[in-house]
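Chemist: Dropping the structure in here first, questions after.
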Amino acid sequence: MPLNLEKGDIVELKKPHACGCKEFEITRTGMDIKAKCKQCGRLIMLDRETFEKRVKKLHKVNEE
């Protein structure tokens, strides 16, 4: 079952980015997911299936 990913959510990935940070902020969703590194600001873009496999924790920011 696919994760309910929304723009602005913070995700922790299993492997760190090259800068050492594991947390990313989602900036775009759809068939591809675009996320921004919380430490260095670089953008990564992965297909949804690969991205969801790499997610360790999901921190919902838009909860009401």
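No value in this document is a laboratory result; all are computed from the given coordinates. Please read these numbers as outputs of a predicted model, since none were measured by experiment. So basically every Cβ, Gly included, is an ideal-geometry build from the backbone, and we count neighbours across all protein chains shown.
Chemist: Quick check for the chain: number of Lys pairs with alpha-carbon distance under 14 Å, counting only pairs 8 or more apart or on different chains?
Modeler: So the count works out to 14.
Chemist: Whole-Hz ³J(HN,Hα) for each residue in region 46-61, computed from phi via Karplus 6.51 cos²θ - 1.76 cosθ + 1.60 with θ = phi - 60°, x for glycine and proline: what do you get?
Modeler: Karplus values, whole Hz, x for Gly and Pro: 10, 5, 4, 4, 5, 4, 5, 5, 8, 6, 9, 9, 10, 10, 6, 8.
Chemist: Taking the Cβ of Thr27 as the center, what net charge do the other residues with Cβ under 9 Å away carry, scoring Lys and Arg +1 and Asp and Glu -1? Intermediate results must be reported in sequence, preceding the final value.
Modeler: Values: positive: Lys7, Arg28, Lys34, Lys36; negative: Glu25.
With Lys, Arg at +1 and Asp, Glu at -1, the net is +3.
Chemist: Using only the Cα atoms of the chain, what are the Rg and Dmax in Å?
Modeler: Final numbers for Rg and Dmax: 10.7, 34 Å.
Chemist: Quick one: which residues, 5 or more positions from Leu3 or on another chain, have an amide H under 5 Å from its amide H? H modelled 1.01 Å from N in the peptide plane, none for Pro or chain starts.
Modeler: Amide H neighbours of Leu3, under 5 Å, 5+ apart: none.
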